[in-house]
Amino acid sequence: MAHTIHHSASAGAPVRTRPAWAVILVTGLLLWLATVAITFLTANANLVPTLVLLGSFLVPVTFVAWAYEHRDEKTMPVGLLFQLFVVGGILGILGASVLESYLLHPAWWMFAGVGLIEEGVKLAALALLTRHLPVRTVRSGVVLGATVGFGFAAFESAGYALNALLTIDGLSLRSLVETEVLRGLLAPFGHGLWTAILGGLLFRAAGSTGRLRLSWGLVLGYLGVSALHALWDSMHGVAVLLTFLLTSTEGQQRLFQLGWIPQPTDEQVHLFTLLSLGGLVVITVVALLWLRGIWRSGRLAR
């Protein structure tokens, strides 16, 4: 872990300080755990908003702070990051909600539509909020794109947490906490990663002119990122289908044709878990390698 070293004015000895992202992560995690414990002990519903906000925003804010500390450009203002995280995230959520409500209906291609819409609105929000940026480099595009993506993820996670809280049996704090833990662990490999790729491609397309514009690389990258997004969202269904095709018996197939859902065997449950988790790992590795290539191209372009 890298540390920042400052020299004391009085003693002249170097003072070692922890990076901001580590302070945010540790402090936020301790506060979230304390909030969980006190909420369970007291059943105080007034603590629910604190629990939701801390759990939903902790990981996204931590990664934005890390990305900012590792940026190339020292002129990238903190205010712009805040604007992209909050305004960009909310614009993305609102735009995706409207378009998905009017354009998508339950069908086999629904996840593809979700990927295209959500990645499109995040890319549009990034382009809108950075249109007056005087200097654009590939690496700054990666950082700013990740900021929009993590903002989107934070507000989306808050919505999922509230939905998990409200059940037919009343409020379920356990479901809320489980949802926040799962989405917190997956947050670095979802919206932030995908929009970081698009941000780098968007600023690369600007080239030496510095003007945002469409290019074949950006269009193909948008389609590729949308495909990764769609595969990520549909991996549960894909794993179920593959498990059924590979291991189903004649009896299970007959039950399925009659409209009944057959009881899976232990081997099928294990295979489903392996396929679903393995699929997410493969998607993440592909996205990380893609982002690494874009980041390296930004260094070569300097």
| task | Could you identify the single residue in GLY251, GLY217 that is open to solvent by 10 Å² or more (accessible area, probe 1.4 Å), more than 18 Å from the chain's Cα centre (by Cα) and farther than 23 Å from GLY88 by Cβ? | result | GLY251
| remark: If we ask which residues in the stretch 264-281 are open to solvent by 40 Å² or more (accessible area, probe 1.4 Å) and among the hydroxyl-bearing types (Ser, Thr, Tyr), their number turns out to be 2
| Of all residues in the stretch 127-145, which are part of a helix (DSSP H, G or I) and either touching a strand residue (DSSP E or B) at 6+ places or on another chain (Cβ under 7 Å) or open to solvent by 20 Å² or more (accessible area, probe 1.4 Å) (or both)? | ALA127, LEU128, LEU129, ARG139
| When ILE261 is evaluated against the numbered criteria (1) assigned to a helix (DSSP H, G or I); (2) at pLDDT below 95; (3) open to solvent by 70 Å² or more (accessible area, probe 1.4 Å), which criterion, by number, is the only one it fails? | (1)
| For PHE63, are the conditions met, namely being in a helix (DSSP H, G or I), of a type outside the set (A, V, I, L, M) and in contact (Cβ under 8 Å) with a residue 12 or more places away in the chain? | yes
| request: Considering each of VAL225, VAL148, VAL177 in turn, give the residue that is β-branched (Val, Ile, Thr), within 17 Å of ILE93 (Cβ to Cβ), in a helix (DSSP H, G or I) and open to solvent by less than 40 Å² (accessible area, probe 1.4 Å). | output: VAL148
| remark: Residues of the stretch 223-263 being among the aromatic types (Phe, Trp, Tyr) and more than 30 Å from GLY120 (Cβ to Cβ), in sequence order, are PHE244, PHE256, TRP260
| said: Considering only the stretch 186-206, I want to know if a residue exists there that is more than 10 Å from the chain's Cα centre (by Cα) and surrounded by fewer than 16 Cβ atoms within 10 Å (Cβ to Cβ). | reply: no
| field | Verdict on ALA230 being under 15 Å from the mean Cα position of the chain (by Cα), within 30 Å of LEU47 (Cβ to Cβ) and assigned to a helix (DSSP H, G or I) | value | no
| query | Quick one: what pairs do we get from the stretch 86-115, first residue part of a loop (DSSP other than H, G, I, E, B), second not polar (S, T, N, Q), C-beta under 7 Å, 6+ apart or different chains? | reply | LEU104/MET110; LEU104/GLY113; LEU104/VAL114
| message | Kindly evaluate GLU156 against the criterion of being charged (D, E, K, R) and crowded, with 24+ Cβ neighbours inside 10 Å. | response | no
| request: Can you confirm whether the stretch 105-124 contains a residue that is surrounded by 18 or more Cβ atoms within 10 Å (Cβ to Cβ), over 23 Å from ALA205 (Cα atoms) and of a type outside the set (Val, Ile, Thr)? | output: yes
| Residue in the stretch 200-207 that is in contact (Cβ under 8 Å) with a residue 40 or more places away in the chain, under 19 Å from LEU126 (Cβ atoms) and out of contact with any Leu (no Cβ under 9 Å at 6 or more places or on another chain) present | no
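The values are calculated or read from the model by the stated rules, or taken from the named source; none is laboratory data. Everything numeric here is computed off the predicted structure, so don't read it as measured data. We place every Cβ from the backbone using ideal geometry, glycine too, and count neighbours over all the protein chains shown. When the accessible area is computed, the model is the full protein with side chains, heavy atoms only, and any ligands, DNA or RNA have been set aside. Shrake-Rupley method; radii C 1.70, N 1.55, O 1.52, S 1.80 Å.
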